[in-house]
Amino acid sequence: MRNYLKVLRRCTAVGAVALAAFSLQPSSAHAQDPEPRPGPSVVGGVDAAQGEFPFMVRLSMGCGGALYTQQIVLTAAHCVNGSGANTSITATAGVVDLQSSQAVKVKSTRVLQAPGYNGVGKDWALIKLAQPINLPTLKIADTAAYNEGTFTVAGWGATREGGPQQRYLQKAEVPYVDDATCEGAYGGSLTPGEEICAGFLEKGGVDTCQGDSGGPMFRKDNAGAWIQVGIVSWGQGCARPGYPGVYTEVSTFASAIRSAAAGLGG
Ligand code: ARG
């Protein structure tokens, strides 16, 4: 029961509100101004530039994801219903504008939800695509070395609590929040070995939000390449002071993700 309640708290918007509210609303600012501009976003972000995060994927159930391989999307376990054959999901890639005629759309063939996922921690899943997408992939962190510093988040989710999904990909930067501090906010709801927190603890104002789930949290590695450290998972509201965003700790699951992907045939 406790888990059930927690799942509801985490993801009501994905299952119900986000789908119902999935109206891609072009803002008037976009019509006049194709340049990236400050404004509401993820929450507190700005437009991403076309091609800036080529690995970003929008999933038709109202989640984000990243190309782990050209034929496998890494997303959140709470974005999918279980494991097995599944041809119901459409992945949209290659564009910041979901309504662009250049969008690449590919159907799913299979879903692999994290083994042992029960609504607490382990919030990762893989989606096998019907065809490979010829775009750069995002490598995942396989040690904790990059679980610090400032992270980039991106998604087409709400720009405020209860707000609509977005037509244009939004991006923002959020600082790492250590486990002890994050437990101060969330207590026993946090699974520190499996989750990593980020956000402006004092001020709030910048965060992922409903519909960003499953998307990557990433940073530059020592060679200057993007590396994924988190998967958008949950939070208390969005961008509230005192409540950081909670992300699946990718390094914890890197070997499980690798073997699961191998099992899907890369
Ligand atoms: N569970 C939400 C989703 O399914 C993600 C919420 C992220 N919340 C946050 N405050 N960072 O889209």
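The values are calculated or read from the model by the stated rules, or taken from the named source; none is laboratory data. Keep in mind it's a predicted model, so treat the numbers as computed, not measured. Note that we place each Cβ from the backbone using ideal geometry, even for glycine, and neighbour counts take in every protein chain shown.
Table for the structure above
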quantity: Residue, farthest from the chain's Cα centre (by Cα), within the range 48-58, restricted to residues that are of a type outside the set (G, A, S) and surrounded by fewer than 24 Cβ atoms within 10 Å (Cβ to Cβ); calculated: Q50
quantity: Residue among D179, D142 that alone is crowded, with 16+ Cβ neighbours inside 10 Å, touching a Cys at 6+ places or on another chain (Cβ under 9 Å) and among the acidic types (D, E); calculated: D179
quantity: First in the range 239-266 and of a type in the set (S, T, Y), second anywhere and in a helix (DSSP H, G or I), Cβ under 6 Å, 6 or more apart; calculated: Y243/A185; S251/A144
quantity: Selection within the range 148-191 - away from the ligand (no atom under 12 Å from the Cβ) and of a type in the set (D, E, K, R); calculated: E148, R167, K171, E173, D178, D179, E183
quantity: Total residues in the range 192-240, condition within 14 Å of the ligand (Cβ to nearest atom) and hydrophobic (A, V, I, L, M, F, W, C); calculated: 13
quantity: Residue match in the range 129-147 (condition: aromatic (F, W, Y), closer than 18 Å to G214 by Cα and touching a residue at least 40 places away in the same chain (Cβ under 8 Å)); calculated: no
quantity: Verdict on Y243 being among the aromatic types (F, W, Y), within 16 Å of the ligand (Cβ to nearest atom) and closer than 18 Å to F55 by Cβ; calculated: no
quantity: Any chance A185 is without any contact (Cβ under 8 Å) to a residue 12 or more places away in the chain, over 15 Å from M217 (Cβ atoms) and of a type outside the set (S, T, Y); calculated: no
quantity: All positions within the range 41-57 that are farther than 16 Å from N134 by Cβ, at pLDDT 95 or above and touching a Ser or Thr at 6+ places or on another chain (Cβ under 7 Å); calculated: V43
quantity: Meets criteria (part of a strand (DSSP E or B) and farther than 30 Å from G193 by Cβ) for K128; calculated: no
quantity: Complete set of residues in the range 91-106 that are loosely packed, with under 15 Cβ neighbours inside 10 Å and in contact with a Leu (Cβ under 8 Å, 6 or more places away or on another chain); calculated: Q99
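Residue by residue, here is whether (1) over 28 Å from G224 (Cα atoms); (2) assigned to a loop (DSSP other than H, G, I, E, B); (3) among the small types (G, A, S) holds:
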{"residue": "P132", "(1), (2), (3)": "no, yes, no"}
{"residue": "P136", "(1), (2), (3)": "no, yes, no"}
{"residue": "T152", "(1), (2), (3)": "no, no, no"}
{"residue": "P164", "(1), (2), (3)": "yes, yes, no"}
